[in-house]
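The values are calculated or read from the model by the stated rules, or taken from the named source; none is laboratory data. As the structure is a computational prediction, the values presented were derived from the model and not from experiment. Here Cβ is always computed from backbone atoms with ideal geometry, including for glycine, and neighbour counts include all displayed protein chains. Side chains included, ligands, DNA and RNA excluded: accessible areas come from the protein's heavy atoms. Shrake-Rupley method; radii C 1.70, N 1.55, O 1.52, S 1.80 Å.
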Amino acid sequence: MSSPRFVQLAPEAPARIRAELLAGLSAPVATIAPKYLYDALGARLFAAITELPEYYPTRTEAAIFARHLAEMAAELGPATTLVDLGAGNCEKAERLFTAFGVRRYVAVDISVDYLRTSLEHLQRHHPAIAMLGVGLDFTRSLRLPPEVGDGPRTLFYPGSSIGNFTPDEALAFLRQAHAECHGGALLIGVDLVKPRGLLEAAYDDPLGVTAAFNRNLLRHLNRVAGTDFDLADWRHAAFFDAHHSRIEMHLEARRDTTVRWAEGERRFAASARIHTENSYKWRVEDFAALLAAAGFSASRHWCDARGWFAVFAAHA
Ligand code: AVJ
């Protein structure tokens, strides 16, 4: 009976995490990286977001995969080693196992602790697939450990999380991904430009789930950075910036307020903001050009009928 193996790479020291968070909070434009949206409650709130009628990306991407799976597998050839970036509950990757002939599954997420339960569960259902869980913050640097093995890999990056990167960062990330493919391929989900009303409803839903998801970041910050944010002082703000082609999420002060921590403080005037996330929306041509610039030799994509979301398959 096979069982999954686990490796945790370069865990960030708590003191460094804290210093980085407080530097972002003190910067001229106060900024907190979106990865801090995902503490245990944040991950559950994000799962709830994916159920909202207004949040189209998850179900649109799932429909594209369901419809074109065989064609994608034919295009890419067998994905003997499948590397899942931001695997979480491993649900999306499992749907690829049969069609792609996966023999070795590598689940990567920021902390190996997120992966243990899901990977052990998955292993029971797929005893013939060798499974490896890797704890790695690949938003900093995508360098896979030797345990992944030699030979070509198919990198799987669904969900349009590439949208959290600026175009320059996305290019740097895709260059690293290209190198880590070892001659294999990349399968990636990308959210596309669409009318403002649709985008803004997806990131500012009337039920307030996205608002809770964003504001929960402050609870996480209070815990890991020792700040004293009062959640009652902060509201969710999300809007589409057409110039940058991105949704911006902010936390906006409802009134003048001061946030304090052990060795510092920052005063926020009413309606001052903390920038918490960018979610870039791409045009198909621009993303295809980005893949080429990152070194991928050929790419194909599949869209839904409305042209809201695309899945790209690119050969390294
Ligand atoms: C997980 C980064 C793809 O940008 O749509 C959802 C996160 N933020 N609602 C996205 C998110 C607000 C999501 N990604």
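Is the range 264-273 home to any residue that is open to solvent by 40 Å² or more (accessible area, probe 1.4 Å), within 20 Å of the chain's Cα centre (by Cα) and more than 18 Å from Tyr36 (Cα to Cα)?
At the first step, the residues of the range 264-273 found to be open to solvent by 40 Å² or more (accessible area, probe 1.4 Å) are 265-267, 269-271, 273.
So of that shortlist, the ones also within 20 Å of the chain's Cα centre (by Cα) come out as none.
No, the range 264-273 contains no residue that is open to solvent by 40 Å² or more (accessible area, probe 1.4 Å), within 20 Å of the chain's Cα centre (by Cα) and more than 18 Å from Tyr36 (Cα to Cα).
Mind telling me which of the residues Leu217, Leu221, Leu251 ends up being in contact (Cβ under 8 Å) with a residue 12 or more places away in the chain, open to solvent by less than 60 Å² (accessible area, probe 1.4 Å), in contact with a helix residue (DSSP H, G or I) (Cβ under 7 Å, 6 or more places away or on another chain) and in a strand (DSSP E or B)?
Details: Leu217 fails: in a strand (DSSP E or B); Leu221 fails: in a strand (DSSP E or B).
Of the residues listed, the single one that is in contact (Cβ under 8 Å) with a residue 12 or more places away in the chain, open to solvent by less than 60 Å² (accessible area, probe 1.4 Å), in contact with a helix residue (DSSP H, G or I) (Cβ under 7 Å, 6 or more places away or on another chain) and in a strand (DSSP E or B) is Leu251.
Which residues, taken from the range 131-160, are under 17 Å from Pro78 (Cβ atoms) and surrounded by fewer than 18 Cβ atoms within 10 Å (Cβ to Cβ)?
Hits for the range 131-160 are Gly149, Asp150, Gly151, Pro152.
Among Leu85, Leu96, which is closer than 17 Å to Arg300 by Cβ and under 20 Å from the mean Cα position of the chain (by Cα)? Even if it seems obvious, please write down each step before you answer.
On the way: Leu85 fails: closer than 17 Å to Arg300 by Cβ.
Checking each option against the conditions leaves just Leu96.
Take Ile188 and tell me if it is open to solvent by less than 20 Å² (accessible area, probe 1.4 Å), in a strand (DSSP E or B), touching a residue at least 40 places away in the same chain (Cβ under 8 Å) and more than 20 Å from Ala27 (Cα to Cα). Walk me through it before giving the result.
On the way: open to solvent by less than 20 Å² (accessible area, probe 1.4 Å): yes; in a strand (DSSP E or B): yes; touching a residue at least 40 places away in the same chain (Cβ under 8 Å): yes; more than 20 Å from Ala27 (Cα to Cα): yes.
It is true that Ile188 is open to solvent by less than 20 Å² (accessible area, probe 1.4 Å), in a strand (DSSP E or B), touching a residue at least 40 places away in the same chain (Cβ under 8 Å) and more than 20 Å from Ala27 (Cα to Cα).
A quick yes/no check of all residues on (1) open to solvent by 30 Å² or more (accessible area, probe 1.4 Å); (2) free of Cβ contacts under 8 Å to residues at least 24 places away in the same chain; (3) under 24 Å from Cys181 (Cβ atoms):
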{"position": "Ala43", "(1), (2), (3)": "yes, no, no"}
{"position": "Ala47", "(1), (2), (3)": "yes, yes, no"}
{"position": "Glu51", "(1), (2), (3)": "yes, yes, no"}
{"position": "Thr60", "(1), (2), (3)": "no, no, no"}
{"position": "Ile64", "(1), (2), (3)": "no, no, yes"}
{"position": "Glu75", "(1), (2), (3)": "yes, no, yes"}
{"position": "Leu82", "(1), (2), (3)": "no, no, yes"}
{"position": "Leu85", "(1), (2), (3)": "no, no, yes"}
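Conditions first: (1) buried (at least 21 other Cβ atoms within 10 Å of the Cβ); (2) part of a loop (DSSP other than H, G, I, E, B); (3) within 16 Å of the ligand (Cβ to nearest atom). Leu207 passes all but one, so which condition is the exception?
Looking at each condition in turn, Leu207 falls short on (1).
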